[in-house]
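Remarks on the structure that follows.
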């Protein structure tokens, strides 16, 4: 029986870590250098290489989406036209929405870090369907380029929600962009399906369901949503594309159709999609808080069950986006109550994370700095979500900047913070190098302060009554908009710093060794960067649960709750 | 339940080999049910016609799922997948219909029996160009002009 | 205290009974949110320092939550959330069920303007006069795409659906003018679709109504602006048909689609016609009115230029009535109209 | 437990064990689970159209009933029988694959494909009849016989649902054609190598399952 794997991951770094990370073991070269031809990268089925290719594209789309965000903020500086005309602005906020949601937020953490770390965490060689994994990358790129082609040839101005009857009657080019997004939906389904089957069938011996790392639980819940929700919006996109061409008027009031029915079907996907974006970040943060406070997770099962709870109940709450859209009061009540339940699951997670730090040993590194920002933003963003779900307040806040601030608090506050945390946390695992810790903390301060300065004023704008998607606004809103634009430039500057020191570390960073954070997570058992088939020799058995930092001499371990 | 025994149990189920009679029986039942639903459908039972048709369709669907697609042999996760997706379909159906049922009447699709039309008369361009056989009472007594019943004046 | 909170939260002034209820819940929710997020933040920051790492491989205890703490984690947020929901939904029902004796006003959102029509009173574009301290019910609809009628000062908002009515009501408490904004994206000038609610004291409102009535008899300036909202359209179409008869339109134009000297009226409205000059034009009100006044300008290909001009023979409302009559002649069930595409000038 | 031995030269009737799976049984279980997940996405895809059908039928009951009387019930019934029989032959194909009778598998799939073709031909007749009659979606609806509000909606849903279903029939046919040639050429299906046949027939059964629900809802109101 080979030595129980947990001891090797223990503090005592085995000798072979002293080598330079790359030439660690010539018989099993790291996946980065195992085949350097272009074809070996483009046609690889290695989940780690596919993850890196996803990372490249996702960062590129994040940059494009971010540029659109800055353009919007600059336009908002003055009540009248500032740097663009009305139609360009309408296109800009639509593209910002479309690119950020479909091309960055939804695939970001699952496709990059899910792909890279999931097999490592399960002790498996690869995901269940490696070829499907590569196909999902190319489907994603095909859809992205079709959508971008549509955006460049006229672009649509319907907002990312493309409500009918406007989306079926606008003269801007809606069809290619929506059909591109429809294709991207398949990549999302393929990734979700792949992960579910991997988690069900590829767990190494010794890993039972309740010894799975919490990032795997979060990915499982996310994949279930991806598989079950995406087809509905795929159908909607095909119908709207069809209506652009044939005008058959399924949701057209003149033909007796009902635009509110379109909203029902749209939000049936789009609310669970919000949980696709945020659940993986909850998973990453569970790993980060356990590693950097060197403590087992407080209420492991509570967090695991709440991930599944969010995924399941998240399907029954879509109506809270339609309180003032003509939907009946009865439906508003039903959707409002169920939304309160979903809020509770997030509250459980937050309390258990704070509980994890209790009696821990906190090492304040950059990922942990992002965890602090994440914690505050999730509490604040989540509570404002509950506030908006109390129906009566939503009558005032719906479609104003309050809602914009709320979902940015969750999307940027939770998911982008988690995305940055996971880049820093798994940077050594992916590239075998370490980034500069000082610059990391500096950038984190910029990001957290810049984020607050951008979106707190937008909450106040919402209270003050400024509607969203407004190219020109009454003068009284200008002061807050200027503050928000200032905050946005601070945030952008933070991202610039990150990109500088991370690219520097990529090339000149000092080798990180196998386990720089001394973490007991399963993914740190294999080498960093790991060889092509993740494990050298026979498959390791995982006798202990993840993140077990108990002193072996002291009291024996009660069973996990 | 570790994954090993789930798949070996499933493989074991799939291995025991029934004769092909089972499929022919299921086929026969399906045809009988089709005949039944066509017959009951064509006599248009007022209230329960839809419920009966759905019942028969679900029965046929269940048969196809269990025997033709071997869901009866497959274990755990596969059944969960089917159950959850059917539950979501039902939820997706119930809430919008409840919405239309309990909505402020004139906010329902105009011309449908869920909304009384008179106050929609003002919508310029949204003329109700055809008489409302069963629709809501038509406020202004005057039949909507245009369409096939406009009196075609003899040429002056 | 509350206006200090309004200053901090940038809340607009409260000018309706519903606004009071919304803001009370608002203070309660924002208060608890602030307290709890600061509490969680402080607890976290305290623990970061209290339990900072002292040795690189410091082992930690295996802490497992007992049931009461887990129950506390669940029940405390749940109680607060359900309490908020109870208050919020009670106010929402208050908002969505107007009292019986409301003063009704029809609101129509049309691409980038708001039109108001009082059942018996005058029309108004972008200005809505309402009496204070009396419930006013708005029956909101739209002529083309989705809009949303939002008055921040009253804290009310309701979408405008084309082809049907949604309702919203308020009871203004203070006379004054309050801004109306459109909050559902509706195209190019979505952000310029602003209007005003002018709240008058009851006496002023009666007085205003009276002079509007007096004003109605001498041809109101907005008579031509939009014939759609004054008398029900049906009666206008009837007048249009009588006028077309007397003016002799039927000598050349048929009503049932048959070929004749001039193009048939059936289904003419909103059709794309090919002109002799080769371009196509959409047959809308402007084109029909212009063809009556200056027939030779845009002749549909295949027809001769024999139509006499009606310049001077037909007054404004009469041409509008004939246009209305032509618009009502539509092939059965091929319903053009309500949500025809917004007339965009080409943007590129 | 972990047998990562590469069975490169697969003995006849035993499929190539992908390197990263623990055993053949796990690989088959993974394939089936993946297929069931894919089928659930298909169910939810059609669910969107069933929701539109349900809501609009609830709004326009008499229009839907009137319009559905204009469909050709006999053609619909024949189509249903054809699809159910093709489902039978697909199931028998799996049965024979388990017994290793590759030629019978090919014949069964051939029959299934033929019946699928028949289904599409009958559908073609129905569509052409509707085009003549003018019973088309949205603005193209010019059938004089039925003049109720909501009738164009019925035909919009009819064409969307049956069109999407026909598209899936075509995908199913191409999958079965590939399987038929695989059976004929490689003759490799056996008691422990029939997963591909099983997945192909599962997809076909789903296509049949959707029609089982579409038929009564569209034709038998």
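Each reported figure results from applying straightforward, stated rules to the coordinates on display, with no laboratory input. Remember, it's a predicted structure, so these values are computed and weren't measured experimentally. Here the Cβ positions follow ideal geometry from the backbone for every residue, glycine too, while neighbour counts run over all protein chains shown.
Students often get this wrong: which residues of region A:421-452 have the backbone nitrogen under 13 Å from the point 7 angstrom along Cα-to-C-beta of residue A:504?
The answer is A:435-443, whose backbone nitrogens lie closer than 13 Å to the label point.
When ranked by the protection proxy of mean other Cβ atoms within 10 Å per residue, highest first, what sequence do the peptides C:258-264, C:247-253, A:458-464 form? Numbers along the way, then the final one.
Working: C:258-264: 14.0, C:247-253: 16.4, A:458-464: 24.6.
In decreasing order of mean packing, C:258-264, C:247-253, A:458-464 become A:458-464, C:247-253, C:258-264.
Separation between the residue D:181 and residue C:212 pseudo-spin-labels, each 7 Å from Cα along Cα→Cβ, expressed in nm?
Calculated label separation equals 7.5 nm.
Assuming R0 = 30 Å, what is the FRET efficiency of residue C:69 and residue A:486, from their Cβ-Cβ distance, to the nearest 0.05?
Working: r = 42 Å, r/R0 = 1.40.
After rounding to 0.05, the efficiency reads 0.10.
Would you mind computing, in nm to one decimal, how far apart the modelled labels at residue A:330 and residue C:203 are, each placed 7 Å from Cα along Cα→Cβ?
4.8 nm
Distance between Cα centroids, region A:187-210 to region C:12-31: provide it in whole Å.
Between the Cα centres of region A:187-210 and region C:12-31 lies a distance of 48 Å.
Using a 10 Å cut-off around each Cβ of peptide C:247-257, what is the average number of partner chain Cβ atoms that fall inside? Kindly include the intermediate steps, with their values, before the conclusion.
On the way: counts 0, 1, 1, 5, 2, 1, 0, 3, 6, 5, 1.
Neighbouring Cβ atoms belonging to other protein chains average 2 per residue here.
If you line up the long axis of helix C:316-328 against the longest principal axis of chain C, both from Cα atoms, how many degrees apart are they, to the nearest 10?
80 degrees
Which of C:177, C:277, C:141 ends up with the largest GNM mean-square fluctuation for chain C, with Cα atoms connected below 10 Å?
Greatest mean-square fluctuation among the candidates belongs to C:277.
State the extension gain, in nm to one decimal, for the chain segment bounded by residue A:437 and residue A:476, taking 0.36 nm per residue of separation less the distance between their alpha-carbons. Can you show the working numbers first?
Values: separation 39, 0.36 × 39 = 14.04 nm, distance 4.29 nm.
Full extension from residue A:437 to residue A:476 adds 9.7 nm.
Helix-only mean residue ellipticity at 222 nm, the protein assembly as shown, DSSP H runs n ≥ 4 weighted -39,500 (n - 2.57), per residue, nearest 500. What is it?
Details: 35 runs with 699 residues, N = 1286.
It lands at -18500 deg cm²/dmol.
Please give the FRET efficiency for residue C:127 paired with residue C:293, using the beta carbon to beta carbon distance and R0 = 30 Å, rounded to the nearest 0.05.
Values: r = 31 Å, r/R0 = 1.03.
Once rounded, the FRET efficiency stands at 0.45.
Run the paramagnetic zone check for residue B:87: 7 angstrom along Cα to Cβ, then residues of region A:282-308 with backbone nitrogen under 14 Å.
The answer is A:308, whose backbone nitrogens lie closer than 14 Å to the label point.
For the protein assembly as shown, rounded, prolate or oblate, judged on the Cα gyration tensor with a ≥ b ≥ c (square roots of eigenvalues), a/c < 1.5 rounded, else prolate if a/b > b/c?
Since a/c reaches 1.5 but b/c is at least a/b, the shape of the protein assembly as shown is classed as oblate.
Among DSSP beta bridges lying fully in region C:103-217, give the percent that are antiparallel, nearest 5.
Details: 26 of 39 bridges.
Taking every DSSP beta bridge with both residues in region C:103-217, the antiparallel ones total about 65 percent.
Restricting to bridges with both residues inside chain C, how much of the DSSP beta-bridge set is antiparallel, in percent to the nearest 5?
Details: 31 of 44 bridges.
Roughly 70 percent of the beta bridges in chain C run antiparallel, per DSSP.
May I ask for the distance between the Cα centers of region A:436-458 and region A:242-278, given as a whole number of Å?
The distance from the Cα centre of region A:436-458 to that of region A:242-278 comes to 37 Å.
When chain C is treated as a GNM, springs tying every alpha-carbon pair under 10 Å, which of C:119, C:202, C:65 comes out with the largest mean-square fluctuation?
C:65
Going by average Cβ density within 10 Å per residue, which order do the peptides D:140-150, C:50-60 take, highest to lowest?
For the peptides D:140-150, C:50-60, the packing ranking is D:140-150, C:50-60.
Antiparallel as a % of all DSSP beta bridges within the protein assembly as shown, to the nearest 5? Working shown, then result.
Working: 35 of 49 bridges.
Around 70 percent of the beta bridges assigned by DSSP in the protein assembly as shown are antiparallel ones.
Could you work out how far helix A:329-357 tilts from the main Cα principal axis of chain A, as a 0 to 90 degree angle to the nearest 10?
Once rounded, one gets 30 degrees.
Take chain C, connect every pair of alpha-carbon atoms lying under 10 Å apart with a spring to form a Gaussian network, then pick out the residue of C:291, C:75, C:142 with the largest mean-square fluctuation.
C:75
Quick check: from the Cα gyration tensor, does chain C come out rounded (a/c under 1.5), prolate or oblate?
On the way: a/c = 3.53, a/b = 2.13, b/c = 1.66.
Verdict is prolate for chain C.
If each of residue A:536 and residue A:210 carries a label point 7 Å out from its Cα toward its Cβ, how far apart are those two points in nm?
Here the modelled spin labels are 3.6 nm apart.
Say R0 is 25 Å: what FRET efficiency, to the nearest 0.05, do residue C:303 and residue D:140 get from their beta-carbon distance? Provide the component values of the computation, followed by the final result.
Values: r = 26 Å, r/R0 = 1.05.
Once rounded, the FRET efficiency stands at 0.45.
For region C:283-314 and region D:137-151, write down the distance between their C-alpha centroids in whole Å.
Centre-to-centre distance over Cα atoms comes out at 32 Å.
How well do other chains shield peptide A:311-324, expressed as the mean number of their Cβ atoms within 10 Å of each residue Cβ? Before the final figure, lay out each step's value.
Values: counts 0, 3, 0, 0, 5, 5, 0, 3, 4, 0, 0, 2, 6, 14.
That works out to 3 on average.
Determine, for each peptide in A:405-417, A:46-58, the mean count of other beta carbons within 10 angstrom over its residues, then list the peptides with the highest first.
Values: A:405-417: 24.4, A:46-58: 21.1.
Top to bottom by mean Cβ count within 10 Å: A:405-417, A:46-58.
Can you give the average number of partner chain beta-carbon atoms within 10 Å of each beta-carbon in peptide A:540-552, as a whole number? Could the numbers behind the result be given before it?
Details: counts 0, 2, 0, 0, 0, 1, 0, 1, 3, 6, 4, 6, 1.
Mean inter-chain Cβ contacts per residue within 10 Å come to 2.
Taking a spot 7 Å from the Cα of residue A:551 along the direction of its beta carbon, which residues of region A:288-308 have an amide N less than 16 Å from it?
Backbone N within reach: A:294-296.
Where does helix A:175-201 land angle-wise versus the long Cα axis of chain A, in degrees 0 to 90, nearest 10?
Between helix and principal axis, roughly 30 degrees.
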